[in-house]
Amino acid sequence: MTKTQTTLAIEGGVPVRNQRLPYGRQSITQQDVDAVVATLKSEWLTTGPKVDDFEQAIARRVGVRHAVVVSSGTAALHAAAHAVALAPGDEVIVPAITFVATANCALYEGATPVFADVNPDTLLIDPDSVEALITPRTKAVIGVDYAGQPCDYARLRELARQVNATVIADASHGLGGNAGNTPIGVLADLTTFSFHPVKHAATGEGGAITTDDDALAQRMRVFRNHGITSDHRTREAKGAWLYDMVSLGMNYRLSDIQCALGISQLARLEANVARRQEIAARYDHAFAGEDAIRPLVTRENVHHAYHLYVVRFLRGHLRVNRNTIMAALRAEGIGVNLHYRPVYLHPYYRDLGFIPGLCPKAEAVYEEIVTLPLFPTMNEQDVSDVITAVKKVLEIYRV
Ligand SMILES: *Cc1c(COP(=O)(O)O)cnc(C)c1O
């Protein structure tokens, strides 16, 4: 492929592949299907034994006292925010670059999100920025394990302790990752997970919170069940019918059908994370000599769960902007994606009064990031196609 012979698909050339490769995709086996079907034929479709089994499987995997399953990763964040008893005027520090749900959970509980800047090499919350923002009004600090590697929770906990704030990990990307030998799930006071299909274990929609704190776990169990202190099955077992609603909760329960799928999916977590790491290593190797792009950096001593593989297309090295690069890669049949726009630049947050310029590093790196396809069932040809397309685009657009 010489420069003169290559024409980008976006300019009428032949695409690298005809069928677009998505950036993420669930993998469902016959075993998963059988587990769901068996539950459909059982006595309990919701609030049954599969809920306990899934919670125990998660708690065992993470090495934590409590796992509380809920109906989505967003519900998990809401339950965590509720558990720390936020009140109006309280502040919750969150990273500028994350999915909107991380910040929204503060608003659900009447508190105020405060946006911390990120480290542009990792897109993890910058502890120095947190230190500058923390005040006695800070009730929680939420770190996001962006792409699948843990934040510096030792530092975040140290900062939070000075004002008695709770550290929450939004580990929607992080199931299966470690800091040293310590699994994501026990690094913060509360850790939330998502079981959306593109994440590490799929239940359709679903989520969980892990914690070693008995009182926080109990608050979240009551919260997910309307603020009622006993569930249907417990009452049946006791022959009781009266129940107490003691606080204002939600119906955030996860069904037995979904838990059955989750248990079956969790059994393949290790193998799937290993495959994700293998693909990431191939990308790292292929892009090592390219000075116009820079993959995100993995922190020292971290076992990366690689929910996402994100590269920066460096502005000084390219003739076009990130959006043109994304359009060109999509035209080549590569389903690239973007994670994420700084939350406070969304119209809803602008209407709340947040203004551009708040987190300069996040805003600058946002203009450069692109998420490449990464999921365990990608084959070698899929991986090669991504590499070929990236190199083709770089060849044309490099300055
Ligand atoms: C996926 C995700 C969520 C929300 O999870 P849902 O299960 O889709 O509600 C929250 N935070 C981050 C960082 C996520 O990636």
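The values are calculated or read from the model by the stated rules, or taken from the named source; none is laboratory data. From a predicted model like this one, the values you see are computed outputs, not experimental measurements. Cβ: placed from backbone, ideal geometry, glycine included. Neighbour counts: every protein chain shown.
Here are some notes:
- Residue list for the range 229-284, restricted to those being exposed (fewer than 15 other Cβ atoms within 10 Å of the Cβ), over 30 Å from V390 (Cβ atoms) and of a type in the set (D, E, K, R): R235, E236, K238, D244
- The set of residues in the range 303-357 being among the aromatic types (F, W, Y), in contact with a Pro (Cβ under 9 Å, 6 or more places away or on another chain) and under 23 Å from N272 (Cβ atoms) consists of Y309 alone.
- Meets criteria (within 16 Å of the ligand (Cβ to nearest atom) and either of a type outside the set (D, E) or more than 30 Å from V310 (Cβ to Cβ) (or both)) for R155: no
- Unmet requirement for H307, which otherwise passes all of (1) crowded, with 21+ Cβ neighbours inside 10 Å; (2) free of Cβ contacts under 8 Å to residues at least 24 places away in the same chain: (2)
- Of all residues in the range 323-341, one or more are more than 26 Å from S172 (Cα to Cα), surrounded by 20 or more Cβ atoms within 10 Å (Cβ to Cβ) and small (G, A, S).
- Restricting attention to the range 97-110, the residues that are buried (at least 22 other Cβ atoms within 10 Å of the Cβ) and closer than 18 Å to T135 by Cβ total 2.
- Selection within the range 361-381 - surrounded by 16 or more Cβ atoms within 10 Å (Cβ to Cβ), among the acidic types (D, E) and assigned to a helix (DSSP H, G or I): E363
- The range 311-338, residues that are within 24 Å of V144 (Cβ to Cβ), assigned to a strand (DSSP E or B) and in contact with a Phe, Trp or Tyr (Cβ under 8 Å, 6 or more places away or on another chain): V311, N337
- Residue within the range 49-64 that is modelled with pLDDT of 95 or more, of a type in the set (A, V, I, L, M, F, W, C), loosely packed, with under 15 Cβ neighbours inside 10 Å and under 27 Å from the mean Cα position of the chain (by Cα) present: no
- Residues of the range 342-360 that are surrounded by fewer than 14 Cβ atoms within 10 Å (Cβ to Cβ) and not in a helix (DSSP H, G or I): L352, G353, I355, P356, G357.
- Spans of helices (runs of 4 or more DSSP H) in the range 1-94 with at least 2 residues within 16 Å of the ligand (Cβ to nearest atom): 49-62, 73-83
- Residue that is away from the ligand (no atom under 16 Å from the Cβ) and without any contact (Cβ under 8 Å) to a residue 24 or more places away in the chain, where the choices are D351, D382: D351
- Subset of the range 203-222 [touching a His at 6+ places or on another chain (Cβ under 9 Å), away from the ligand (no atom under 16 Å from the Cβ) and either at positive phi or of a type in the set (A, V, I, L, M, F, W, C) (or both)]: L216, A217
- Where N251 falls short, out of the listed (1) in contact with a helix residue (DSSP H, G or I) (Cβ under 7 Å, 6 or more places away or on another chain); (2) within 16 Å of the ligand (Cβ to nearest atom); (3) of a type outside the set (V, I, T): (1)
- Listed by position, the helices (runs of 4 or more DSSP H) enclosed by the range 229-288 that each have at least 1 residues that are of a type in the set (S, T, Y) and without any contact (Cβ under 8 Å) to a residue 60 or more places away in the chain are 232-238.
- Pick from the range 160-202, criterion β-branched (V, I, T) and over 15 Å from the mean Cα position of the chain (by Cα), ranking: farthest from the ligand (Cβ to nearest atom): V163
- Near pairs, Cβ below 7 angstrom, 6+ apart or cross-chain, from the range 73-96 (free of Cβ contacts under 8 Å to residues at least 40 places away in the same chain) to any residue that is assigned to a strand (DSSP E or B) and within 15 Å of the ligand (Cβ to nearest atom): none
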